[in-house]
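To keep things clear, I will list the structure first and then write my remarks on it.
The values are calculated or read from the model by the stated rules, or taken from the named source; none is laboratory data. Since this is a predicted model, take the numbers as computed values, not measurements. Keep in mind that these areas ignore ligands, DNA and RNA; they rest on the heavy atoms of the full protein, side chains included. Shrake-Rupley method; radii C 1.70, N 1.55, O 1.52, S 1.80 Å.
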Amino acid sequence: MYLLSRLYLFTYNSLQALGWAVSLFSILSNFLSTKSIHVAYDSAGQLIWLLQTCSFLEVIHGAIGIVPSGVLFPFLQWGGRTLFFLSIVRTIDEVQELPSVFITFVAWSVSEVIRYPFYALNSIGTCPSWVTYLRFYVFHRVTCTQHKLYTAFIVLYPIGLFPGEMWLMYEALPYVKKKNLYADFFDVLPFSYYNFLRVMLLCYPFLWLKLYLHLFKQRGSKLGKHHKKKKQ
């Protein structure tokens, strides 16, 4: 059973890595050929929709215990992206060509192209040191007196959130109100989807910060183990 779960996780994470690599290649190749940032959704929107839908499996993985992540943090990440992508970008044609879609898709794709190979190789216990380096030491610089290490998520998560997801949600508000989106569902509630989205814009940074700090905790734990191994 253990070997089967490891093989399953390797397969799942490898397919996700491949999918996100294809999406990144599609977005960047179309950008270079068209010199436009307005074709990101046309380039990879359907593929990202599929990858993001399938990523709910990561919530299930934590729930059944085949990975140690638990349920809360995978659900926060999946829920935030789903709110952004499935309920807004995929539904409102008018926002699909906005620059914030390009920014978000690139930030997501780069982060997942780094994250999923790391998970895939770790699931079978054969993760090379250069993959760990890529995952945890992607961004680094040397100052005059201090060596500072940066990881991919430190840069990519804020980029994906503020000029990406949150800005697009804000830009989508007039269309949500005009179209009265999801009126059938929200008719039974004392508020509309438009008001729900406005409240979410206020709550989003705090929910995101919880996830962001969790990633810092994971980073600290991983780097501590890495430095301990180097000393040995």
| note | As straight-line cross-link partners of LYS178, the qualifying aspartates and glutamates (C-alpha separation under 14 Å, not fewer than 8 residues apart within one chain) are ASP93, GLU94
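Tell me, in nm to one decimal, what length is gained between LEU86 and LYS35 on full extension, where the rule is 0.36 nm per residue of separation less the Cα-Cα distance? If you can, show how the numbers build up before the last one.
Working: separation 51, 0.36 × 51 = 18.36 nm, distance 2.66 nm.
Going from the current span to full extension adds 15.7 nm.
Of all alpha-carbon pairs in region 1-110, indicate the percentage at a distance above 22 angstrom. Show your work: numbers first, answer last.
Working: 2238 of 5995 pairs.
Pairs farther apart than 22 Å: 37 percent.
Compute the length gained on full extension between THR11 and LYS177: take 0.36 nm times their separation in residues and subtract their Cα-Cα distance, giving the result in nm to one decimal. Don't jump to the answer; show the numbers that get you there.
Details: separation 166, 0.36 × 166 = 59.76 nm, distance 4.19 nm.
This chain segment gains 55.6 nm when fully extended.
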| Accessible area per residue of region 26-88 at 1.4 Å probe, in Å²? | 47
